[in-house]
Amino acid sequence: MARKRSRIYTRGDRFWGDFRALGGRREPLIPPGERVATTDRDLAEVLAAERIKQLAQASRNRVLLGIEAPARLAEYASHHLVLKAQSGRVTRSHVAELETRLQRAVEFFGADRDLESIRVGDLGRYVQWLKRRPNRRGGTLSPGTVRHYLNALSNLYKRAASEGRVPPRHNPVRDMMDKPTPDNEEAAFLEVHEAALLLEAARRYRPRKEHRDPLPFMYPLIATYLLTGGRRREVLGLEVGDISFDRKRVTFRVNRHRRLKTKHAARRLPLWPQLAEILQEYTFGGDSPLGEGLLFPSPRTGRMLVDFSHPLAAIAERGGWKADEIRSKMFRHTYCSARLQTAKKMRVGTDDDGRELYEWVPVSPFTVGKELGHSGTALVERVYGHLGDIRHRSEVVEYRIENHEDLIGDRLNAL
């Protein structure tokens, strides 16, 4: 009886598989997460057996489902990203983020990995691999960030199924039982008196001469974040014409510099008195008043500013925070929390002596949600609204340092 020929062989000390009889090809037997073929025969046998199962399944798919050619991960990811960009429904920055996340999947599974061959067990190993990847702050990827990577892959599978490149409803991400979930820690925000201290530190900030691209407008920039609650790119993409001092309005709208995140993001909100004072001085008080174009242009390129982390870190340190403790996303949470404390003083009647009686009527969370560019109150209540330790009632959002000297006197003196 003839001896059955093994499908694995070696090139040097690395194992390869010969799958041409099954419609495949000669290919290295690379374990998930590795870059080169294995040198372990037992592992090679396991990998070869898995590959035989994949090829057999692909053959059945061709016969039963009409799937002509397997969808290779790297090739299909490129196709998916192109269609995402062409749809006009997502921003360029979002496409760039998706590309980064899908590149990690290609790095782990391999560029030629058939999408249909990736199973839930493979994704479990992928999750563990992602959790060990470094982030930009010297740590490792958080569970919430890992979930974003899985979501990017899940969306790719959704398109592949719609185009008939994988079997209907084949989506191993959807089938996972225990997906990573973000930590339930409350997002960071600033109390009103802390925001006042940060603004004062920004007002006193002067960029060093040795800085390559000094930003002379950090004070009005931070004030605009804190007093509008705008998203990062919304504020950086504001034009001079979006600020109306006559109508006391700030308008977030689509322009040639950037899009808006959602259809609800186009909005008008109050130009609060403190922000009006700061922006009037900024736009009209210098030697060359701003006429048109971006409100906060990059000094080097004149285009939309990309990064201001270094001067923000310097201002944070001056105010007594750690350099990486203050981030622009906190400002949106800060505005929402401060806005929820605003109220109108309403006359409710008179007392027995004829004196008028008033009570504070708080602002509606629906109003706050609209000002943040949301369609309702869910995100205000679940994410952006925070209950601070200091109660503060006012008819306007403001962070005036003179109103909080009793709380921040020592830190103010240290500025």
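The values are calculated or read from the model by the stated rules, or taken from the named source; none is laboratory data. The structure presented is a predicted model; accordingly, all values stated were derived computationally and were not measured. FYI the Cβ positions are ideal-geometry reconstructions off the backbone, even for glycines, and counts take in every protein chain you see. Calculation scope for accessible area: heavy atoms of the full protein, side chains included, ligands and nucleic acids excluded. Shrake-Rupley method; radii C 1.70, N 1.55, O 1.52, S 1.80 Å.
Observations
- A cut-off of 5 Å between modelled amide H atoms, ignoring neighbours fewer than 5 places along the same chain, links Arg113 with Leu73, Ala74.
- Accessible area of Met304 in the full protein assembly, 1.4 Å probe (Å², nearest 10): 30 Å²
- Local net charge near Glu107, Cβ-Cβ under 12 Å (Lys/Arg +1, Asp/Glu -1): +4
- In the chain, the DSSP beta bridges split such that about 95 percent are antiparallel, to the nearest 5.
- At most 10 other Cβ within 10 Å, DSSP loop - GluC sites (Glu not before Pro), region 268-329: Glu292
- Of Gly373, Gly138, Gly241, the residue with the greatest mean-square motion in the GNM of the chain, using alpha carbon springs below 10 Å, is Gly138.
- Dipole magnitude of the chain about its Cα centre (Cβ charges: Lys, Arg +1; Asp, Glu -1), debye to nearest 20: 2540 debye
- Across region 265-398, Cα pairs under 8 Å and at least six residues apart give a relative contact order of 26 percent.
- Each part gets one Cα centre, and for region 358-415 versus region 277-305 those centres are 27 Å apart.
- Comparing mean-square fluctuations of Arg51, Arg318, Arg233 from a GNM of the chain with C-alpha springs under 10 Å, the top value falls on Arg51.
- Between region 227-241 and region 131-208, the alpha-carbon centres lie 22 Å apart.
- Ala323 sits among other residues whose Cβ lies under 15 Å from its own Cβ, and their net charge, with Lys and Arg +1 and Asp and Glu -1, is +2.
- Gaussian network model of the chain, springs between alpha carbon atoms under 10 Å - residue of Arg159, Arg355, Arg11 with greatest fluctuation: Arg355
- Amide H contacts of Glu239 (H built 1.01 Å from N, in plane; Pro and chain starts excluded): Leu295 sit under 5 Å, all sequence-distant by 5 or more or on other chains.
- Within the shell defined by Cβ-Cβ distances under 10 Å, the residues around Tyr225 carry a net charge of +3, with Lys and Arg each +1 and Asp and Glu each -1.
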